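Worksheet: the structure to be examined is printed underneath.
Throughout, read-outs are computed from the coordinates displayed, never taken from laboratory work. Keep in mind that this is a model prediction, so the values were computed, not measured. Here the Cβ positions follow ideal geometry from the backbone for every residue, glycine too, while neighbour counts run over all protein chains shown.
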Amino acid sequence: MSNPTILTILSALIALPLAAEITLVSPANGETVSRVPENQKKIMSYASRKERLAALAADRKEKKVFFSSKAPWRGAKAIVFKWKDPKNLGSPYKVEVSPNEDFSAPCHSFFSDRGKNGKHMTKLKTWGVESNFEVGKKYFWRVTAYDFKNNKTTVSATGFFYTEDMAPRHIRLEGRTANVRDAGAWKTLDGKRVRQGMYFRGEGLNNNSPDRKNPGRHRLTMSDWHFMTQVLKIKTDLDLRSLRETAGMTASPLGKEVKFINIPGPAYRGVFRTEGKKMIRDIFKVFCDRNNYPIYFHCIGGVDRTGAVAFILNGLLGVSQNDLEIDWEHSFYPDLPDDPSRGKHNPGRSVSQLVKGMMKYGSANDSMQKRIELYLKSCGITDEEIATFRSIMLEEIKK
C-alpha cells in the first residue's frame, strides 16, 4: 500500500521543475536597490549649499567624481535584473515588476532577447519610461521564458526587492522633454512625506513658439504620451510659460483629455513683486483643487520658474530648506548658474534669492515653512486653501 503523503510530495516535486528552471538572482529577496547615482548621493550628503559649492569647485579642478563622463546627472540608476536559466529555455524573456504580488496594475514589463552566457546567466538593464519606479517602495518581480520551438511557457518563482527611500525620483522619458522628476517623495521635518505620483516637474512638453503665432513642435514620443497619460495619469498640464512662448496655446500636447492651464510664472526675485505674487496666487489655487491631480507643471527648461514653484510648494509642506535647495540644484548639476567656480557666474539666478526673499516674512525664530506660509497669505491665499493643499499632498511614512 502506498503512502498518500509520499505520493502527494512526489506529485508536487514532479510539478516543480517548470517553475524552478528559471532562478532569480538579483535583486535578491529583500534587497534595497539604489536609484540615485553615487555622485548625486555624494553631493547631497553635504549639509549646506556652501559645502556643496566648495566640493564642486574642488572637483572641477581635477575633473573627477562629479564631473566625470561616468557621473550621470538628472537621471536614475538603472536596475539590473539577473536570472539563471540552466536549460536555456529560450528567449525572449519577459520581466514583470509590480508593487502588487498578483502583478496587477500598475505592472512594469520588460523584454530581453539575450541568450545564455557561459554561466547560463541572463540579465536585463532597465531603461526607458517603464523603469520609473517610486522610491521607498516594495516591488515583486518574476521572469517568464517563451520557448517557441517546444511551445512551452515557463515562469520563475516570485521575488521581491525595495527601492531606496531617497528623493528625488527621476522620471526618464524617451523624447526631448528632460529634467523630469516627481516633485514628491521628499520627507518633511515633522516626519511625513510629500506624496509621490501627485505632481511632477520638468521641461516643456513642446518647444517655444518660433513666431509668437504658432505653438512649438511637440517633444514627446508615443511612449512618453502613453506613460504620462496612462501610467502617471496626468490630469492637468500647468504651463508656466509666457503667452509669447506658448503663442496662446489652448490645449495640452498630452491631448484634449488633459486640462491645460497657462499661467505665466515668475522666478527668483520676481515672486516677491506685486505682479509675481498675483501669479503665484493663481498658480497655488490650481494645487488646491483635488480634481486637478495628478499635475505636471513646467516652464520651458523646468529650472527657474518651475524651480520657484517647487520651492514654494514643498517648503509649505515642511521639506527642509537644505532639501529645497538640493532639489533646485538637481536641475543644473554639475554646472550651477550661481557657482563662482564656473566661468559664467549669475548670482541673480540662484535659489538663494528665494531664501533671502522668504526671510523677510515672519520673525527670527520662524522656520522656512512658516515664512513661506506667511508669504502665501500675503499673496491672497487663505488658511483653508493651505490646509486643503497639505491634506492632499502629505502622507504618513509607512514603516
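So if we plug the beta-carbon distance of Lys82 and Ser104 into 1/(1 + (r/R0)^6) with R0 = 22 Å, what FRET efficiency do we get, rounded to 0.05? Efficiency, rounded to the nearest 0.05: 0.30. Excluding same-chain neighbours fewer than eight residues apart, the lysines reachable from Lys213 by a Cα-Cα span under 24 Å are Lys256, Lys259.
How much of the calculated P(r) for the stretch 221-355 lies past 22 Å, in percent of all Cα pairs?
42
When only alpha carbons are used to place a centre, the stretch 160-204 and the stretch 283-300 end up 15 Å from one another.
Taking label points 7 Å from Cα along the Cα-to-Cβ direction, Arg217 and Ala55 give a separation of 3.9 nm.
In plain terms, the chain from Lys63 to Lys123 could stretch by 18.4 nm, reckoned as 0.36 nm per residue minus the Cα-Cα distance.
Counting neighbouring beta carbons within 10 Å and listing from fewest to most, the residues Val319, Val25, Val286, Val95 come out as Val25, Val286, Val95, Val319.
Just add up the charged neighbours of Thr154: K/R +1, D/E -1, any other residue whose Cβ is under 10 Å from the Cβ of Thr154. If you can, show how the numbers build up before the last one.
On the way: positive: Lys87, Lys152; negative: Glu21, Asp85, Asp147.
Result for the neighbourhood of Thr154: -1.
Rounded to the nearest 0.05, what FRET efficiency do Asn150 and Arg176 give with R0 = 35 Å and r taken as the Cβ-Cβ distance? Could you check?
Values: r = 44 Å, r/R0 = 1.25.
Efficiency at R0 = 35 Å is approximately 0.20.
Angle of helix 368-378 to the longest C-alpha principal axis of the chain, folded into 0 to 90 degrees and rounded to 10: 50°. Take every pair of alpha-carbon atoms less than 8 Å apart whose residues are at least six positions apart; their mean separation over the length of the stretch 172-273 yields a relative contact order of 22 percent.
Mind scanning Lys187/Lys277; Lys277/Lys377; Lys370/Lys398; Lys42/Lys63; Lys41/Lys356 and naming the pairs with a C-alpha gap bigger than 18 Å? Numbers along the way, then the final one.
Working: Lys187/Lys277 27 Å; Lys277/Lys377 10 Å; Lys370/Lys398 26 Å; Lys42/Lys63 15 Å; Lys41/Lys356 26 Å.
Listed pairs above 18 Å: Lys187/Lys277; Lys370/Lys398; Lys41/Lys356.
For Tyr296, Tyr146, Tyr268, Tyr199, what's the fewest-to-most ordering of other Cβ within 10 Å of each Cβ? Can you show the working numbers first?
On the way: Tyr296 24, Tyr146 16, Tyr268 21, Tyr199 27.
Starting with the residue having the fewest Cβ neighbours, the order is Tyr146, Tyr268, Tyr296, Tyr199.
A Förster radius of 45 Å, combined with the Cβ-Cβ distance separating Lys42 from Asn365, puts the computed FRET efficiency at roughly 0.85. For the chain, the longest principal axis of the alpha carbon atoms and the long axis of helix 305-317 meet at an angle near 80°.
Grab the Cα-Cα distance for Ala387 and Ala247, subtract it from 0.36 nm times how many residues apart they are, and report the gain in nm with one decimal.
Numbers: separation 140, 0.36 × 140 = 50.40 nm, distance 3.52 nm.
Extra length from Ala387 to Ala247 when fully extended: 46.9 nm.
Nearest 10 degrees is fine. How inclined is helix 4-15 to the longest principal axis of the chain, computing both from alpha carbons? Helix 4-15 sits roughly 60 degrees off the main axis of the chain.
Once you list every other residue whose beta carbon is under 14 Å from the beta carbon of Tyr333, what net charge do they have if Lys and Arg are +1 and Asp and Glu are -1?
Details: positive: Lys41, Lys42, Arg49, Arg52, Arg60, Arg74, Arg181, Arg342; negative: Glu38, Asp59, Glu325, Asp327, Glu329, Asp335, Asp338, Asp339.
Local net charge: 0.
Just to confirm a number: summing +1 for Lys and Arg and -1 for Asp and Glu over residues other than Cys299 whose beta-carbon lies under 14 angstrom from that of Cys299, what do you get? All intermediate terms of the calculation are to be shown ahead of the outcome.
Details: positive: Arg201, Arg219, Arg241, Arg244, Arg305, Arg349; negative: Glu203, Asp237, Asp239, Glu245, Asp304.
Once all neighbours under 14 Å are counted, the net charge is +1.
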